[in-house]
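Worksheet for the structure shown next.
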Amino acid sequence: MIITLTGGTGFIGRKLLDHLRAAGHEVRVLCRSPKTGIPPEVALFLWDAMEADPPLESLEGAGAVVHLAGESVAQRWSPEIKRRIRTSRVEGTRRLVKALTGLDSKPAVLVSASATGYYGDRGDEELTEDAAPGSGFLADVCREWEAEARKAAELGIRVVTPRIGMVLGPDGGALAQMVPPFKMFLGGQLGSGRQWMSWIHIEDMVRALAFAIENTALEGPVNAVAPNPVRNSQFTRTLARTLRRPALFTVPERALRLLYGEMAGILLASQRALPRALEKAGFTFRFPELGPALKHLLG
């Protein structure tokens, strides 16, 4: 199958590219810069999601489109950064669906990323895909983002919107930022430590995206998280034990807000998301528990 992938140079995208190619698919990658490190045998198309529609030739003949592109949320949110976060996701997805409208032969499926930020800060509430959206900047962005992707269904395209949690990998994402402080004996829980963290091993994340492409019964929002979320305090203890380091400190909420501004809300928000749609569709997690997942990644 020909699969068009946006965000193919990112942390998740690179792993997915390798996975899909290993499975025998022809993958086309859309990205903003030609200097990507993508293998020369992979067709590369330039696309700035905030400025233009994607080139039609990148989509023609594709059986599936996976849309992962978006400005990183892991940075201090100035007004300009917030504009880029929203525009890259909402306007970018709108441009992509507009381009799909112009195809004579349309892909069977669009897998368009979202995030568990959709739910906002929800305390101990168990969040399945049927849960209502939360409030706040990121929740609003996710709601608009998904709404733009759903418009592809009007074209007869199956649409899956994976709400991605914290993806754990050894060479990118949140874990790469967490490990150095712990190795220097500076690791600790964030705020009260009571907030739930919905996480997923990078291998399961990539497998879930491929599953969404292949499984025709899967449609709509999908919580792309492991089935066993943990509180931040438990995550901290498990990571410290895996690295054979103590977790001596607590990073106060006030310090996080001074350091990261509004973005600190992501670190302190509680989201106890559960992958009901994936489990119902028959997906099997290789790393359902945090301890073995961290040991596999860091051991």
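The values are calculated or read from the model by the stated rules, or taken from the named source; none is laboratory data. This is a predicted model, so every value here is computed, not measured. Neighbour counts run over all protein chains shown; Cβ positions are idealised from the backbone, glycine included.
Screening Trp145 on (1) part of a helix (DSSP H, G or I); (2) on the phi > 0 side of the Ramachandran plot; (3) not β-branched (Val, Ile, Thr) shows it passes everything except condition (2). The set of residues from the range 274-299 being surrounded by fewer than 21 Cβ atoms within 10 Å (Cβ to Cβ), at pLDDT 95 or above and not in a helix (DSSP H, G or I) comprises Leu274, Ala281, Gly282, Phe283, Thr284, Phe285, Arg286, Pro288, Glu289. Suppose the filter is part of a loop (DSSP other than H, G, I, E, B) and surrounded by 19 or more Cβ atoms within 10 Å (Cβ to Cβ); does Pro107 pass it? Yes.
With respect to being without any contact (Cβ under 8 Å) to a residue 60 or more places away in the chain, part of a strand (DSSP E or B) and either acidic (Asp, Glu) or surrounded by 19 or more Cβ atoms within 10 Å (Cβ to Cβ) (or both), Leu100 falls outside the description. Within the range 257-273, is even one residue over 29 Å from Phe211 (Cα atoms), in a loop (DSSP other than H, G, I, E, B) and among the small types (Gly, Ala, Ser)? No, the range 257-273 contains no residue that is over 29 Å from Phe211 (Cα atoms), in a loop (DSSP other than H, G, I, E, B) and among the small types (Gly, Ala, Ser). For the range 23-48, filtered to residues that are part of a loop (DSSP other than H, G, I, E, B) and acidic (Asp, Glu), the residue that is modelled with the lowest pLDDT is Glu41.
Once the range 91-105 is narrowed to residues that are over 19 Å from the mean Cα position of the chain (by Cα) and basic (Lys, Arg), the residue that is nearest to Ile157 (Cα to Cα) is Lys98. Would you be able to say whether some residue in the range 235-249 is part of a strand (DSSP E or B) and either more than 26 Å from Leu68 (Cβ to Cβ) or in contact with a strand residue (DSSP E or B) (Cβ under 6 Å, 6 or more places away or on another chain) (or both)? Yes, because at least one residue in the range 235-249 is part of a strand (DSSP E or B) and either more than 26 Å from Leu68 (Cβ to Cβ) or in contact with a strand residue (DSSP E or B) (Cβ under 6 Å, 6 or more places away or on another chain) (or both). Filtering the range 2-17 to residues that are farther than 19 Å from Val97 by Cα and in contact with a helix residue (DSSP H, G or I) (Cβ under 8 Å, 6 or more places away or on another chain) leaves Phe11, Ile12, Lys15, Leu16. Checking the range 64-71 against the condition returns no match, with no residue being surrounded by fewer than 19 Cβ atoms within 10 Å (Cβ to Cβ) and of a type in the set (Gly, Ala, Ser).
Is one or more of the residues making up the range 180-187 among the aliphatic types (A, V, I, L, M), within 17 Å of the chain's Cα centre (by Cα) and on the phi < 0 side of the Ramachandran plot? No, the range 180-187 has no match at all. Among the residues of the range 49-65, those that are in contact with a strand residue (DSSP E or B) (Cβ under 9 Å, 6 or more places away or on another chain), closer than 20 Å to Ser33 by Cβ and part of a loop (DSSP other than H, G, I, E, B) comprise Ala49, Pro54, Pro55, Leu59. Being free of Cβ contacts under 8 Å to residues at least 60 places away in the same chain and on the phi > 0 side of the Ramachandran plot is not true of Arg237.
Selection of first residues in the range 73-88 that are touching a residue at least 24 places away in the same chain (Cβ under 8 Å) and of second residues that are of a type in the set (Asp, Glu) and surrounded by 17 or more Cβ atoms within 10 Å (Cβ to Cβ), restricted to Cβ pairs under 7 Å at least 6 apart or on distinct chains, gives the following pairs, ordered by first then second residue: Arg84/Glu71; Ile85/Glu71; Ser88/Glu71.
Each residue in the range 256-283 was checked for being free of Cβ contacts under 8 Å to residues at least 40 places away in the same chain and touching a helix residue (DSSP H, G or I) at 6+ places or on another chain (Cβ under 9 Å), and 3 pass.
How about the range 86-97: which of its residues are closer than 15 Å to Val73 by Cβ and either among the hydrophobic types (A, V, I, L, M, F, W, C) or surrounded by fewer than 24 Cβ atoms within 10 Å (Cβ to Cβ) (or both)? Correct list: Arg86, Thr87, Ser88, Val90.
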